[in-house]
1. Going through region 141-199 one residue at a time, which ones are touching a helix residue (DSSP H, G or I) at 6+ places or on another chain (Cβ under 6 Å), small (Gly, Ala, Ser), open to solvent by 10 Å² or more (accessible area, probe 1.4 Å) and at negative phi?
2. Confirm whether Ala36 is at pLDDT 90 or above and either in a loop (DSSP other than H, G, I, E, B) or over 14 Å from Leu79 (Cβ atoms) (or both).
3. Write out, first by first residue and then by second, each pair whose Cβ atoms fall under 7 Å of each other, whose residues are 6+ apart or on separate chains, and whose first residue, in region 183-194, is farther than 14 Å from Leu170 by Cα while the second is open to solvent by less than 40 Å² (accessible area, probe 1.4 Å) and in a strand (DSSP E or B).
4. Tell me yes or no: at least one residue of region 266-273 is surrounded by fewer than 17 Cβ atoms within 10 Å (Cβ to Cβ), touching a residue at least 24 places away in the same chain (Cβ under 8 Å) and within 21 Å of Glu116 (Cβ to Cβ).
5. Kindly indicate whether Glu114 is open to solvent by 40 Å² or more (accessible area, probe 1.4 Å) and either on the phi > 0 side of the Ramachandran plot or over 15 Å from the mean Cα position of the chain (by Cα) (or both).
6. Going residue by residue through region 282-299, is there one that turns out to be acidic (Asp, Glu), open to solvent by less than 50 Å² (accessible area, probe 1.4 Å) and either touching a Ser or Thr at 6+ places or on another chain (Cβ under 7 Å) or not in a loop (DSSP other than H, G, I, E, B) (or both)?
Amino acid sequence: MTISMETDSQALGSLLGPQTIRCALFDGIRRLQAAAIDSARLDAEVLICHTLRVEKSQLYVSLDEPLELSARHRFGDFLVRRLHREPIAYITGCQEFWSLDFLITPDVLIPRPETERLVEITLQCARAVDCDLPLRILDIGTGSGAIGVSLAKELPRAQVLATDVSPAALKIARHNAARHQVADRVQLRTSNLFDSIRGREFDLIVSNPPYVESREFAALAPEVSQWEPRTALDGGRDGLDFYRRIVAEGSHHLLPGGALIMEIGATMARETAEVLEGAGNYEPPRVYQDYARKDRVIVAHAILPKFA
């Protein structure tokens, strides 16, 4: 479906003439359905709520109220953007993750619900650490900061170092750390993986690295392939490029017995386990499934030193 942003916005503005919120909502649903957008109803609801700056519960008690001209044009503009397959999170500028609202822009990957399992498993590992000192966590490739900020919210004594190669992403992460009042415990640093990390000082290293195989990128949904940053998704020829680098260097920055915790693709458990086992610096890894019963998280502890 080919759409001109300006002309289509004008057309939608005129077609969404004087009408109620109900009419505008259902007109939006029809247009999104015609473009074969599976989540048409939900998307239209989110966009009209964003237009009116109301919660969904408020929307359904005001459906028969008139929609003002300025609101009709805003809603029309949002629909055009969605018809271009721009993700909802980029249109609204926010995404809920771990029951927290995060600022989201096209500079960062949109946090997925399945990544909450990574946070959950990391919290389990954190609570198993036997140490009186504040927990030290390294979040590699933080993007929006969703993982590191969520961990800091849940672990009031933890200190998080969150890194990313993208200064633009770190700007978003900094905003999110401040929004959720953990900026004093979430340090942000520009780094290509471990390039700016020195010393062995972390109890936990957590990462959701890029793991899409390069050849599969074009087959992804247009919301992903055309809009989200490829650098946050493309894991190289076999999807394992970043796992190899993180595994090889991670053990040099973990305290003895510390854990490396990574999100994995649903079909990558065997391959990532082999990378960890081949490194020789980790205990046998354990794989955790998400709530759709798909492999989602792999955890490996650094081998404790042996004393004579």
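1. Of everything in region 141-199, just one residue is touching a helix residue (DSSP H, G or I) at 6+ places or on another chain (Cβ under 6 Å), small (Gly, Ala, Ser), open to solvent by 10 Å² or more (accessible area, probe 1.4 Å) and at negative phi, namely Ala183.
2. Details: at pLDDT 90 or above: yes; either in a loop (DSSP other than H, G, I, E, B) or over 14 Å from Leu79 (Cβ atoms) (or both): yes.
In short, yes.
3. Arg185/Val160
4. Looking through region 266-273, at least one residue is surrounded by fewer than 17 Cβ atoms within 10 Å (Cβ to Cβ), touching a residue at least 24 places away in the same chain (Cβ under 8 Å) and within 21 Å of Glu116 (Cβ to Cβ).
5. On the way: open to solvent by 40 Å² or more (accessible area, probe 1.4 Å): yes; either on the phi > 0 side of the Ramachandran plot or over 15 Å from the mean Cα position of the chain (by Cα) (or both): no.
Against the criterion (open to solvent by 40 Å² or more (accessible area, probe 1.4 Å) and either on the phi > 0 side of the Ramachandran plot or over 15 Å from the mean Cα position of the chain (by Cα) (or both)), Glu114 does not qualify.
6. Pass one, region 282-299, residues acidic (Asp, Glu): 283, 290, 295.
If we keep only those that are open to solvent by less than 50 Å² (accessible area, probe 1.4 Å) too, we end up with 290, 295.
Filter once more, keeping what is either touching a Ser or Thr at 6+ places or on another chain (Cβ under 7 Å) or not in a loop (DSSP other than H, G, I, E, B) (or both): 295.
Yes: region 282-299 contains one or more residues that are acidic (Asp, Glu), open to solvent by less than 50 Å² (accessible area, probe 1.4 Å) and either touching a Ser or Thr at 6+ places or on another chain (Cβ under 7 Å) or not in a loop (DSSP other than H, G, I, E, B) (or both).
The values are calculated or read from the model by the stated rules, or taken from the named source; none is laboratory data. Note that the structure is predicted; figures quoted are calculated from it, not measured. Positions of Cβ are backbone-derived with ideal geometry, glycine not excepted, and every protein chain shown enters the neighbour counts. Quick note on the areas: whole protein, heavy atoms, side chains included, nothing else; ligands and nucleic acids left out. Shrake-Rupley method; radii C 1.70, N 1.55, O 1.52, S 1.80 Å.
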